[in-house]
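The values are calculated or read from the model by the stated rules, or taken from the named source; none is laboratory data. Here the structure is a predicted model, which means the values were calculated and not measured. Here Cβ is always computed from backbone atoms with ideal geometry, including for glycine, and neighbour counts include all displayed protein chains.
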Amino acid sequence: MNYIKPFIFLILGFGGISELCAQQETYLTHFAFNKLLYNSAYAGFDGNYCANAVHHRQWLGLKDYTGRFPTEDHLPPNPEFPTNIAPVTQGLGISIPVNYRVGGDKINLGGVMLGFIDDVIGYEKNTSMKIGLAFNLRITNHAYIRLGMDVNYMTKRFDAMKLRALHNPDPMVPAGLSPADSKWLLGSAIYFHTKWNSLFSGISISSWNQPNFSYLNLGGTITDIAAAKHVYWVSGLSLQRRGYKIQPVMLLKSVNENKGWVKPQLDAQCNVVFRELFSIGTGIRAQVAGVDACDFLLGFYPGSIWPSLQPNEGSFRIGYSYDITLQSLRLNSRNSHEIQVNYCFAIPYVNYKIRHPRDLEFHEKAKGKSQKTKLVRHHKR
C-alpha cells in the first residue's frame, strides 16, 4: 500500500486550489476519454498507440440579439442579427509511446503527444497545435508517476465585422476584417496511476508564460489580451465487478487572471461499462453559484462484436453525450451535444537480425560440419 502515499500527497498538495480556483479554455464532456488534450504526461500511457477525436457543440442555438438595439452613436439596428454564437469545439489527440524490450517484457519509458484543437466561441476562434513529451517513472511494481511538458502554438482570431460596439471607436474592438495574433504557450503536467483498481490522478498547468495577444483597435492603438494560466486536476478509478465495471471520475478546473484565481468548476461523472460492450453514465457540472448542467453519456465498444476492430492490447470506443443546461441560459439555448471516438492499438514486437553475407556463409559451413559430425557419430554406433 506504499504507492498510495504519493496519491495522498498529490491531493493534499493541490487541494488548496479548490478554494481559489472556472472554465475558460475548451470544455469537453468526455474529459475522462480525452486526458491527452488536458494532460501531456498521459502521452504513451500503457505503451499503446492511441488517437482520440471529439466534436462538441455547446448551447446549441444560442443567438446574439444586440443588433436589435441602437448604439450610443445612434447606429440603427442591424437586420442581419440575431447571429449564431453557440460554441463549437473540435479536437484531435495522438499518443505515440516510447518503449524498449528487456527479454520478452515491454518497458514503457514515456511518449510523445500531438494535439489539435479548433475552438469557436461567439466571434472568437482559437486554434491550438500542441506537441508534448512524457517520461514514465516507476515507484513500485504497481505504481507509476509520469512527468510531462508541452508547447502550444495558439492563434486567436476575431470576426471583427460582427462585433457591435456600444460606442465607436471602441478601444477593445480589434480593427480589420479578421484580426489575429499567434503566441507560444508553455505547459507542464504530472500523472500518477496504479494497476490496483486503475487508480489515477493528474494535474496540468497551461500557459506558464502568459503572453499577450496584441491587436490594432478601432482607435488606432494597440490592445493586449493576456493569456490566462489554467489548471486542471483529473482523478478517478475503475472498480471491476462480475460482468461490469464502475468508473467514477472528476475534473476540477480553474484559471488565474490578473485579479487572481477564479472560483473552481467541478465536473463529476460515473460510468458503468457492461461486458466491454456498451456503457452508460451520468454527471454534473457545478461551481460556487450552483449546478450548471447535468450530462448523460453513452458508449459503444465495436470490438466486442467485431473482433477485427479490437487489436491485441487495444480498444475502440464510440461515445455520445447530452448536456442539459440548468442555469438561466437554458431559456436561450437547446443544451449541448458531443461525439467522441477513441482507438488504441499495440504494434507487435519483431526481433529482426541482419547478418552480413560472409556471416551467412560462415554459418552455412558450420551447419554443414555439424550435420557431417552427426552422421559420423551415427555410423560409429
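Only one of the listed residues (ARG164, ARG157) is in a loop (DSSP other than H, G, I, E, B) and surrounded by 16 or more Cβ atoms within 10 Å (Cβ to Cβ). That residue is ARG164.
The set of residues in region 107-119 being in contact with a Pro (Cβ under 9 Å, 6 or more places away or on another chain) and either surrounded by fewer than 16 Cβ atoms within 10 Å (Cβ to Cβ) or at pLDDT below 80 (or both) consists of LEU109 alone. Modelled with pLDDT of 90 or more, buried (at least 16 other Cβ atoms within 10 Å of the Cβ) and closer than 22 Å to TYR38 by Cβ: is that true of SER238 in this structure? Answer is no for this residue.
If you filter region 171-227 down to residues that are within 16 Å of ASN39 (Cβ to Cβ), of a type in the set (Gly, Ala, Ser) and in a strand (DSSP E or B), you find that the one that is modelled with the lowest pLDDT is SER206.
So is ASN78 farther than 23 Å from THR29 by Cα, polar (S, T, N, Q) and assigned to a strand (DSSP E or B) or not? So ASN78 does not fit the description; no.
Determine, yes or no, whether TYR215 is touching a Ser or Thr at 6+ places or on another chain (Cβ under 6 Å) and among the aromatic types (Phe, Trp, Tyr). The answer is yes for TYR215. Which one is modelled with the highest pLDDT among residues in region 278-319 that are under 26 Å from PHE345 (Cβ atoms) and loosely packed, with under 14 Cβ neighbours inside 10 Å? Checked region 278-319; the qualifying residue modelled with the highest pLDDT is ILE280. For region 241-254, filtering for residues that are surrounded by 20 or more Cβ atoms within 10 Å (Cβ to Cβ) and among the aliphatic types (A, V, I, L, M) leaves 3. Pick out the one residue from ALA53, ALA86 that is part of a loop (DSSP other than H, G, I, E, B), in contact with a Gly (Cβ under 9 Å, 6 or more places away or on another chain) and either hydroxyl-bearing (Ser, Thr, Tyr) or under 28 Å from ASN335 (Cα atoms) (or both). The match here is ALA86. The residues listed here are SER95, SER188; of these, the one that is over 29 Å from LEU60 (Cα atoms) and in contact with a Cys (Cβ under 6 Å, 6 or more places away or on another chain) is SER95. Within region 114-148, being among the small types (Gly, Ala, Ser) and assigned to a strand (DSSP E or B) holds for GLY115, SER128, GLY132, ALA134, ALA143, GLY148. Between ALA160, ALA227, ALA180, ALA189, the distinction of being of a type in the set (A, V, I, L, M) and in contact with a helix residue (DSSP H, G or I) (Cβ under 8 Å, 6 or more places away or on another chain) belongs to ALA189 only.
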